[in-house]
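Beneath this line is the structure, given in structure tokens, with notes to follow.
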Amino acid sequence: MAELLLEAQHISHRYDLAGSKAMEILRDISLQVREHEVVAMLGPSGCGKSTLLRILIGLLKPTSGEVLYRNKSMQGLNPSAALVFQNFALFPWLSVQQNISMGLENLPLSDAEKRQRVRKVIDKVGLEGFEEAFPRELSGGMKQRVGIARALVVEPEILCMDEPFSALDVMTGETLRNEVVDIYTDKASPVNSILMVTHSISEAVFMATRIVVLGANPGTLRAVLDNFLPYPRDEHHPDFIRLSRRLHAIITQTVMPDEVVTPAAPPTIPGIPNVSLLATIGLLEILENEGEMELFALAKQVDKEFTQMLLFVKAAELLGWVTTPGQNVLLTSEGRKFLAADVNARKQLLNAKLRSIFVFDLVLRMLKNAENHELEEEVVLSELAMLYPHEKPHRVLRTIIAWGRYAELFKYNSTRKVIYPFDQPSSGSETEVPVGADSGMEP
């Protein structure tokens with residue numbers, strides 16, 4: 001068995017909130033990263049993947065538990081690890097060459113050695129000719145090449161990546177995935193192992209030799225799967241598809257369990273998926289045309305990642321438009337009734353439905369009791385932070401406002417940041433609040 005590089009032992013983490021409350025992010029997670037492997041951490045939004053990654057490389061101290069590097073307790077940053085960020089994290093006032101060189105600032109190297117390393121890594125990631133360019137001159141793919149080069153220039157033993165391809169277009173992401181795999185399989189490369197966070201099942205199967213699946217609220221370890229497929233990998237190979245389907249099943253059961261277990265503690269308030277209503281209606285129209293569909297096939301048909309598709313399905317299920325027996329999605333009679341209605345009738349149906357959902361009913365009750373029937377955004381955010389401790393309250397509020405406006409439950413003044421009754425005239429601008437723009441699906 002390969003030698004152990006990095007190990008998490010019973011890691012738990014929480015953030016203290018106002019009012020002596022605590023938000024639990026991770027609970028009792030133990031995992032290992034061995035030499036010569038690519039470990040992908042996969043799971044739904046809110047499962048603490050990025051938090052766990054930061055703990056493993058020493059950027060964040062866990063509330064409890066311990067991280068070991070080569071069987072020794074790790075204190076502070078791991079000098080043998082380097083991180084590639086999701087949002088590039090480049091210094092806009094520095095050139096490509098200077099951004100890459102920043103990774104060498106604290107290493108005991110001569111200027112000549114630093115220049116040699118920078119030239120070598122620029123050649124390796126295909127940045128020749130862009131040495132003097134500034135980030136504003138680069139495409140997203142080229143910016144991420146700079147981020148990868150900055151991590152590689154320190155010659156890390158463990159290359160860590162936090163959703164490094166999620167901000168890129170499909171073709172660019174695919175190109176960079178292949179190049180990172182080439183770096184890993186290159187025997188001359190100093191990179192021993194890769195630890196990555198991803199929300200993409202196909203990306204995990206394409207790159208990883210071991211896949212760690214996390215559950216959410218709080219983050220827990222659900223499954224660890226080995227991937228013995230040889231490189232280069234073919235997404236159409238039966239074994240690739242088989243492993244992808246197995247992961248789909250695990251994550252589906254994590255996000256939308258078939259059986260509801262009676263909790264020992266009081267039940268939590270159902271969350272509101274951060275998706276566009278129009279896009280969710282588009283999902284209904286596809287189901288009306290195609291009939292009952294398997295989740296995997298549905299995601300493939302609309303060219304969406306499986307975990308993104310789950311959010312649309314959860315939204316439709318919350319609104320009573322679909323049901324999800326097993327891994328299938330089936331249009332309900334309520335969903336068919338909604339599709340058959342005209343625009344105004346749809347709004348009336350949705351208005352009635354949202355009133356039956358706790359958080360919308362709560363906002364309406366708060367609005368009714370508010371002074372001058374104007375509800376300040378900050379008041380709602382404070383309430384949402386307590387109701388949904390694992391969610392970002394601003395994101396939840398944007399979704400509530402967008403859904404509520406569409407259903408004509410209330411209006412929102414973006415200048416004064418207040419919610420007010422739908423039939424009350426506004427004294428300022430009422431600007432649309434974009435929701436789910438990064439995961440939208442055309443209706």
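The values are calculated or read from the model by the stated rules, or taken from the named source; none is laboratory data. Remember, it's a predicted structure, so these values are computed and weren't measured experimentally. Please note: Cβ atoms are built from the backbone with ideal geometry, for glycine as well, and neighbour counts cover all protein chains shown.
From the list 255, 261, 275, which residue is of a type in the set (Val, Ile, Thr), at pLDDT below 90 and more than 24 Å from the chain's Cα centre (by Cα)? It would help to see each step written out before you state the result.
Numbers: 255 fails: more than 24 Å from the chain's Cα centre (by Cα); 275 fails: more than 24 Å from the chain's Cα centre (by Cα).
Exactly one of 255, 261, 275 is of a type in the set (Val, Ile, Thr), at pLDDT below 90 and more than 24 Å from the chain's Cα centre (by Cα), namely 261.
I'd like the full set of residues that are without any contact (Cβ under 8 Å) to a residue 60 or more places away in the chain and either of a type in the set (A, V, I, L, M, F, W, C) or at positive phi (or both), limited to region 152-169. So that I can check it myself, show each step before the final result.
Of the residues in region 152-169, the ones without any contact (Cβ under 8 Å) to a residue 60 or more places away in the chain are 153, 155, 165, 168-169.
Scanning region 152-169 gives 153, 155, 165, 168.
Please go through region 178-212 and pick out each residue that is in a helix (DSSP H, G or I), among the β-branched types (Val, Ile, Thr) and under 20 Å from residue 45 (Cβ atoms). Spell out how you get there, then give the answer.
Here is the first cut: in region 178-212, the residues in a helix (DSSP H, G or I) are 178-185, 201-207.
Now restrict to residues that are among the β-branched types (Val, Ile, Thr): 180-181, 183, 185, 201, 205.
Listed by number, the residues that qualify are 201, 205.
Those residues that are farther than 21 Å from residue 184 by Cα and of a type in the set (Asp, Glu), I need them from region 112-127; list them, please.
Once the filter is applied, which keeps residues that are farther than 21 Å from residue 184 by Cα and of a type in the set (Asp, Glu), region 112-127 yields only 113.
Let's see how each residue does on (1) among the polar types (S, T, N, Q); (2) in contact with a Ser or Thr (Cβ under 7 Å, 6 or more places away or on another chain):
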| site | (1), (2) |
| --- | --- |
| 35 | no, yes |
| 64 | yes, yes |
| 79 | no, no |
| 105 | no, no |
| 114 | no, yes |
| 138 | no, no |
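Quick one: in region 341-388, which of the residues that are of a type outside the set (S, T, N, Q), more than 31 Å from the chain's Cα centre (by Cα) and exposed (fewer than 12 other Cβ atoms within 10 Å of the Cβ) is farthest from residue 411 (Cα to Cα)?
342
Of the conditions (1) among the small types (Gly, Ala, Ser); (2) buried (at least 23 other Cβ atoms within 10 Å of the Cβ); (3) free of Cβ contacts under 8 Å to residues at least 24 places away in the same chain, residue 149 fails just one. Which one is it?
(3)
Please determine whether any residue of region 132-152 is part of a loop (DSSP other than H, G, I, E, B), in the same structural domain as residue 181 (by the TED database), closer than 23 Å to residue 195 by Cα and among the charged types (D, E, K, R). Even if it seems obvious, please write down each step before you answer.
Keep residues of region 132-152 that are part of a loop (DSSP other than H, G, I, E, B), which gives 132-134, 138-139.
With the extra rule that they be in the same structural domain as residue 181 (by the TED database), the set shrinks to 132-134, 138-139.
From the residues that got through so far, the ones that are closer than 23 Å to residue 195 by Cα too are none.
Taking every residue of region 132-152 in turn, none turns out to be part of a loop (DSSP other than H, G, I, E, B), in the same structural domain as residue 181 (by the TED database), closer than 23 Å to residue 195 by Cα and among the charged types (D, E, K, R).
Residue-by-condition table, conditions (1) among the β-branched types (Val, Ile, Thr); (2) under 17 Å from the mean Cα position of the chain (by Cα); (3) over 21 Å from residue 84 (Cβ atoms); (4) at pLDDT 90 or above:
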residue	(1), (2), (3), (4)
181	yes, no, no, yes
186	no, no, no, no
195	no, yes, no, yes
200	no, yes, no, no
212	yes, yes, no, yes
218	no, yes, yes, no
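Please list, ordered by first then second residue, the pairs with beta carbon atoms under 6 Å, 6 or more apart or interchain, first in region 97-118 and without any contact (Cβ under 8 Å) to a residue 24 or more places away in the chain, second among the aliphatic types (A, V, I, L, M).
114/104
Quick one: which residue in 101, 80, 64, 95 is among the polar types (S, T, N, Q) and loosely packed, with under 15 Cβ neighbours inside 10 Å?
That would be 64, the only listed residue that is among the polar types (S, T, N, Q) and loosely packed, with under 15 Cβ neighbours inside 10 Å.
Within region 175-201, restricting attention to residues that are buried (at least 18 other Cβ atoms within 10 Å of the Cβ) and not aliphatic (A, V, I, L, M), which residue is nearest to residue 157 (Cα to Cα)?
Out of the qualifying residues, it is 192.
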